[in-house]
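S.K.: Before I ask anything, here is the structure I am working with.
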Amino acid sequence: AWPPSDETYRMVRDFCVGYPEVTTTSSVYGLVEIAPAGNSKGSGIRNLCEILGISKDEVCVFGDYHNDLPMFRAAGMRVAVRNAAEEVKEKATFVTDANSEDGVAKAVRRICSGEFG
């Protein structure tokens, strides 16, 4: 059933604490993201930059919650949606409309039009 019950959410999160080889994050209540320890959205961006031979200044990322902050640190342009957590908006290059108002699409349009370099 979706969303998971409070009990299911706590059980999954607490279960993972016993496994140091994994790390957990969450962006929405009821959702637990599980990844190998040491991995994050930021490490994924850094690895992709290395594979593609590009600098972080050539990367644009979009985020809304605290689990996106490692990704923000790994990118040159950081876009937050208006309904993002305050800390995420503070770290953003710019803030676009809320995701319920097509904020990401609007930001892509602004970037592609050359409004942001």
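S.K.: Which angle between 0 and 90 degrees, to the nearest 10, do you get for helix 6-17 versus the longest principal axis of the chain when only C-alpha atoms count?
M.R.: The two axes meet at around 90 degrees.
S.K.: Could you sort 57, 68 by their accessible area in this structure, using a 1.4 Å probe and putting the largest first?
M.R.: The ranking, largest first, comes out as 57, 68.
S.K.: A further question on this structure: Go through the stretch 34-47 residue by residue and turn each phi into a ³J(HN,Hα) via Karplus (6.51, -1.76, 1.60, θ = phi - 60°); whole Hz please, and just put x for glycine and proline.
M.R.: 10, 9, x, 3, x, 9, 7, 4, x, 5, x, 5, 4, 5
S.K.: Something else now. May I ask which residue of 23, 8, 54 lies farthest towards the positive end of the charge dipole of the stretch 1-81, with charges of +1 (Lys, Arg) and -1 (Asp, Glu) on Cβ and the Cα centre as origin?
M.R.: Value computed over the given set: 54.
S.K.: List the lysines whose alpha-carbon lies under 16 Å from that of residue 56, not counting same-chain residues fewer than 8 positions away?
M.R.: In chain and number order, the partners are 41, 91.
S.K.: Considering Cα pairs under 8 angstrom that are at least six residues apart, work out the relative contact order of the stretch 14-90 and quote it in whole percent.
M.R.: It rounds to 24 percent for the stretch 14-90.
S.K.: Tell me, what % of the accessible area of the chain is carbon and sulfur with a 1.4 angstrom probe? It would help to have the intermediate numbers written out before the result.
M.R.: Working: 4080 of 7460 Å².
Whole-percent figure for carbon plus sulfur exposure: 55.
S.K.: Would you mind working out the accessible area per residue for the stretch 49-117, using a 1.4 Å probe, and quoting it in Å²?
M.R.: 59
S.K.: Return the label of the correct value of volume of the Cα convex hull per residue in Å³, as calculated from the structure shown, out of (1) 109; (2) 122; (3) 183.
M.R.: It is the value labelled (2).
S.K.: Ok, one more. For the pair residue 99 and residue 39, what calculated FRET efficiency results from E = 1/(1 + (r/R0)^6), where r is the Cβ-Cβ distance and R0 = 41 Å, to the nearest 0.05?
M.R.: For R0 = 41 Å, the calculated efficiency reads 0.95.
S.K.: If Lys and Arg each add +1 and Asp and Glu each add -1, what is the summed charge of the other residues whose beta carbon sits under 9 Å from the beta carbon of residue 99?
M.R.: Once all neighbours under 9 Å are counted, the net charge is -3.
S.K.: All other residues with a Cβ under 15 Å from the Cβ of residue 57 taken together, and with Lys, Arg as +1 and Asp, Glu as -1, what is their net charge?
M.R.: That sum, taken over residues with Cβ under 15 Å, equals +2.
S.K.: In a shell of Cβ-Cβ distance under 13 Å around residue 74, excluding residue 74 itself, what net charge do Lys and Arg (+1) and Asp and Glu (-1) give?
M.R.: +2
S.K.: Run the quick spin-label model on residue 87 and residue 17: label points 7 Å from Cα toward the beta carbon, then report their separation in nm to one decimal.
M.R.: 1.9
The values are calculated or read from the model by the stated rules, or taken from the named source; none is laboratory data. Predicted model, so just to flag it, every value in this text is computed and none were measured. Cβ: placed from backbone, ideal geometry, glycine included. Neighbour counts: every protein chain shown. When the accessible area is computed, the model is the full protein with side chains, heavy atoms only, and any ligands, DNA or RNA have been set aside. Shrake-Rupley method; radii C 1.70, N 1.55, O 1.52, S 1.80 Å.
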